[in-house]
1. Quick one: in the range 242-260, which of the residues that are part of a strand (DSSP E or B) and touching a residue at least 60 places away in the same chain (Cβ under 8 Å) is surrounded by the most Cβ atoms within 10 Å (Cβ to Cβ)?
2. Among (1) surrounded by 13 or more Cβ atoms within 10 Å (Cβ to Cβ); (2) modelled with pLDDT under 90, there is one condition ARG412 misses while meeting the rest; what is its number?
3. Considering ALA85, ALA98, which residue is of a type in the set (Gly, Ala, Ser) and under 30 Å from ARG176 (Cβ atoms)?
4. Among the residues of the range 165-222, what is the count of those that are within 16 Å of the ligand (Cβ to nearest atom), more than 31 Å from the chain's Cα centre (by Cα) and touching a residue at least 40 places away in the same chain (Cβ under 8 Å)?
5. Out of the residues in the range 261-293 that are assigned to a loop (DSSP other than H, G, I, E, B) and within 16 Å of the ligand (Cβ to nearest atom), which is surrounded by the most Cβ atoms within 10 Å (Cβ to Cβ)?
6. If only one of THR265, THR253, THR214, THR224 is closer than 19 Å to VAL168 by Cβ and hydroxyl-bearing (Ser, Thr, Tyr), which one is it?
7. Aliphatic (A, V, I, L, M), in contact (Cβ under 8 Å) with a residue 40 or more places away in the chain and outside the structural domain of ALA143 (by TED's automatic domain parsing): is that true of MET106 in this structure?
8. Mind listing whichever residues of the range 150-164 are of a type outside the set (A, V, I, L, M) and either away from the ligand (no atom under 13 Å from the Cβ) or not assigned by TED's automatic domain parsing to the domain that holds MET124 (or both)?
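The values are calculated or read from the model by the stated rules, or taken from the named source; none is laboratory data. The structure presented is a predicted model; accordingly, all values stated were derived computationally and were not measured. Neighbour counts run over all protein chains shown; Cβ positions are idealised from the backbone, glycine included.
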Amino acid sequence: MAFEGLADKLGNAFKKLKSKGKLTESDVKEAMREVRLALLEADVNYKVAKDFTARITERAVGEDVMESLTPAQMVIKIVNEELTALMGGSEERLKMPAHPPAVIMMCGLQGAGKTTHSAKLAKMLKSRGSRPLLVAGDIYRPAAIKQLQVVGAQAGVPVFEMGTEDPVKIAQAAVRHARDYGNDYVIIDTAGRLQIDEALMNELKNIKEAVNPTDILLVVDAMTGQEAVNVAKSFDDLLDITGVILTKLDGDTRGGAALSVKAITGKPIKFAGTGEKIDDLEVFHPDRMASRILGMGDVLSLIEDAQAKIDEKSAARTAERMMQNKMDFNDLLEQFRQVKKMGPLKGILSKLPGINSSKLDEMDIDDRIMDRNAAIILSMTPEERAKPELLQASRKRRIAAGCGMKVEDVNRLCNQLKQMQKLMKQFGGKKGKKMMARMGG
Ligand code: GDP
């Protein structure tokens, strides 16, 4: 994931500050020199890094230290605020015109991830209750239409195509189609080139003029670092883009593009691509990115992940049963299923604060434990699953033999359930119910 080296280096710079009780101006300046070097190594634009550290030095030296913080914490707080501001401040949403559909024109160089991200975005919008339409506007690459149809099918979103017709006509017809069929977003996948050239730019300008997009999103590959920023600058000069989708953040260990795009182009990063799968798209939250860089973890993203992926109905049912203190093995099985939906445990843990990803690799995290526990439950009879108190020694032996495990493993799982029941008992009563209601459970 992005920012690893930067996070480590900033951590070192701050550690030195923390070891000092009082900070002098030269302490701060020395720390900022290290921060600037760390940013340059992360491939951040030189001027951006220089202005950034100058701003922090000025604030850190001039600002009174808040009572609740140590001087070093105060500097970290300022760095956190400035990092957030550098990446755009708050998250930027897509625009919605008074009269839908919203037209999103996707543009970018070949290979940046335009087609993939058209579909990822469509899927995200669909999961929020919208009815997007994907449009095949790249008429030059023979396989482009087919590719969009494949990823469109993965997203469960219809694809509008007119073969190799003029892209301007395709875009116009697609918008009409969306109006007729009640699609609220039209996402136009346009042609890419290996390099910016005049013919491509003219075509994009013509499409822009013809359909007056609500958003023009430029797709750039984070792994290309400053080159991505240069591309963004050129596209913005010619097309006046409304935002950027930064792709392949999963493969970008440095993070230079994420940190420089907004400062150089003035245009926000709206989304980040974090993998090849259709769900690997995140709304870009500058504040959370800043916390991630400073090693404060990304708890908010984690919570959002969990919320999106957990089936609400079944969560509500489990909550209800928890409140009535009726938890049994069926609920436990359901929980394993829900946690598995969030992906491998390592991925979940890496977003928690204080967890260093290199340490995670050393830790023995075994997703299979959950599978084994599920296997134990599956080898119980339905009656046993619903009535855990039935499990006496002979039944436990049979269950263990049934799933190829030991009686101790079955006991461990029984204890786990008991612990949860106990915990839920404490939550029970009016106080717990009120809390659940507030949480929307
Ligand atoms: P286009 O030419 O701009 O339309 O690019 P594509 O959508 O065809 O993507 C080019 C390649 O990049 C494909 O192999 C994608 O699977 C891959 N790709 C796209 N987005 C991401 C991402 O966020 N992470 C990773 N690891 N790969 C990506």
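1. Within the range 242-260, the subset part of a strand (DSSP E or B) is 243-247.
Then keep just the ones that are touching a residue at least 60 places away in the same chain (Cβ under 8 Å); that gives 243, 245, 247.
Numbers: GLY243: 23, ILE245: 24, THR247: 31.
My answer is THR247.
2. Here ARG412 clears every test but (2).
3. Working: ALA85 fails: under 30 Å from ARG176 (Cβ atoms).
Within the list ALA85, ALA98, the selection yields ALA98.
4. 1
5. Step one: of the range 261-293, the residues assigned to a loop (DSSP other than H, G, I, E, B) are 266-268, 274-280, 284-285.
Now narrow it down to the ones that are within 16 Å of the ligand (Cβ to nearest atom): 274-280, 284.
Working: THR274: 21, GLY275: 16, GLU276: 13, LYS277: 10, ILE278: 17, ASP279: 17, ASP280: 17, PHE284: 24.
Filtering first and then ranking leaves PHE284.
6. Working: THR265 fails: closer than 19 Å to VAL168 by Cβ; THR253 fails: closer than 19 Å to VAL168 by Cβ; THR224 fails: closer than 19 Å to VAL168 by Cβ.
Sole residue among the options that is closer than 19 Å to VAL168 by Cβ and hydroxyl-bearing (Ser, Thr, Tyr): THR214.
7. Working: aliphatic (A, V, I, L, M): yes; in contact (Cβ under 8 Å) with a residue 40 or more places away in the chain: yes; outside the structural domain of ALA143 (by TED's automatic domain parsing): no.
No; evaluated as a whole, the condition is false for this residue.
8. Here is the first cut: in the range 150-164, the ones of a type outside the set (A, V, I, L, M) are 152, 154, 156, 158, 160-161, 163-164.
Listed by number, the residues that qualify are GLY156, PRO158, PHE160, GLU161, GLY163, THR164.
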